[in-house]
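Heads up: the structure comes next, in structure tokens.
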Amino acid sequence: MSDAEAATVSGAKEKTAKGERVFKIALPGGLVSIDSETPRDIDDAFWIESSEDEHRIVVCITDVTKLVALGSTEDENAKLLGATVYVRDAAVRKMLPGHISEGRGSLIEGKPRACFVFEIVLDMDLELKRFLIERQVATVSKRLSYEDVPKILQDETHDLYGVISAAAALSHKLLAKRRKSGAMALYDLARLLYMDEDGRLLQLARRDLVVGNVIVQEMMILTNTLASGYMISQEIPGIFRNHAAKPAAPGSDQLATTIETWLRSGSMDVDEVQKTFAVLMGKAAYGASVTGHYALAQPFYGHFTSPLRRYADLANQFQLKAHLKKQDYPRSKEELEVLAVHLNEKAEDRK
């Protein structure tokens, strides 16, 4: 991305101790977050505007590095746990203390928060035109639950109808493009089943949860993919999410089609499909080197969008922050590889 391209976005300004800082990403005024009703640890928010020739997406991820110092007690405890442990939607063991994860670090409606801001501009074929990353202070205008989304889409007079309808339309296009590109992007509305980024079958409780889940998943997969590509292109050491298939496994798109056929025919239930699926697929795991992601049909992938809930995301934030500030990286590739092994072990313990 050249400076000329970046400068096409009108910049906001921020007064700092060293003077006035001009941003290249103009923050929209209508940022929204979507999550279940219960969680209070809100990592992400977004805004989307579609025109005749492009889609402009702004994704804000809470900047946990402003609240947790590397090597501090909070950081070490978070690393030790690896991720927040949930039972359904309730956090039973928090990766970070509540005053951070549900307080100063959570993107609470109406509260200014330090964020990593990602601007993504796609053309009408969903090809990337521009991708920028900055650290700014952002404020979420509205906190929505998944149940709110279909209600808004049925009311064209609603204040958020424009952004939510644009998000719904774009997310379904992104889902279709991922499937066409070979990803295991499966949504079965009859059975309320969908596949997460690692190819695991998940089941929603009600139909009114579907659209919101599709929006959030597609926005976060897009952001994680582009952020990973940025780290690779800029030679930033990081933790990546790799997913390998067994040698006998077919292409991920073929396997997704086969799974749909099994479910539609009634020859297997969800548990049986999952067990059969596990035989063909390897496990997704973290690593400091990129080996590709089978279920997503991507050459690279990583986690950035849940730093309150996953330590891999927080570790990548520390690396990305150092890059943006032109500082030495806090962890080397060798140190990140050791960390990745630890996080994989903790994930197995949680299972």
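The values are calculated or read from the model by the stated rules, or taken from the named source; none is laboratory data. What you see is a predicted model, and the numbers here were worked out from it, not measured in a lab. For neighbour counting, all protein chains shown are included, and Cβ atoms are generated from backbone atoms with ideal geometry for every residue, glycine included. Ligands, DNA and RNA are excluded from the accessible area calculation, which covers all protein heavy atoms including side chains. Shrake-Rupley method; radii C 1.70, N 1.55, O 1.52, S 1.80 Å.
Details
- Helical contribution to [θ] at 222 nm, DSSP H n ≥ 4, -39,500 (n - 2.57), averaged over the chain, rounded to 500: -11000 deg cm²/dmol
- Spacing of the modelled spin labels on Thr157 and Val341, each 7 Å from Cα toward Cβ, amounts to 6.3 nm.
- Here the range 157-286 is treated as an ellipsoid with the same Cα gyration tensor; its semi-axes, largest first and in whole Å, are 25, 24, 11.
- Legend: residue pairs Lys283/Lys351; Lys94/Lys321; Lys79/Lys142; Lys246/Lys283; Lys66/Lys326, Cα-Cα distance threshold 21 Å; pairs beyond threshold, Lys94/Lys321; Lys79/Lys142.
- Working from label points 7 Å from Cα in the Cα-to-Cβ sense, the Val137 to Glu348 distance is 4.6 nm.
- Qualifying trypsin sites (Lys or Arg not before Pro) for the range 59-138 [loop in DSSP, other Cβ within 10 Å: at most 14]: Arg88
- Normalised contact order of the chain, rounded percent, pairs of Cα under 8 Å and 6 or more residues apart: 18
- Reference-scaled alpha-carbon Rg (2.2 N^0.38 Å with N residues) for the range 85-128: 1.75
- Over the range 131-273, accessible surface divided per residue gives 44 Å², non-protein components excluded, 1.4 Å probe.
- For the range 31-109, size of Cβ-based charge dipole, Lys and Arg +1, Asp and Glu -1, in debye: 560
- Carbon plus sulfur fraction of accessible area for the chain, probe 1.4 Å, in percent: 50
- Arg104-Arg264 pseudo-label distance in nm [points 7 Å out on the Cα-to-Cβ vector]: 5.4
- Note on the range 149-229: with charges restricted to the Cβ of Lys and Arg (+1) and Asp and Glu (-1), its dipole about the Cα centre is near 340 debye.
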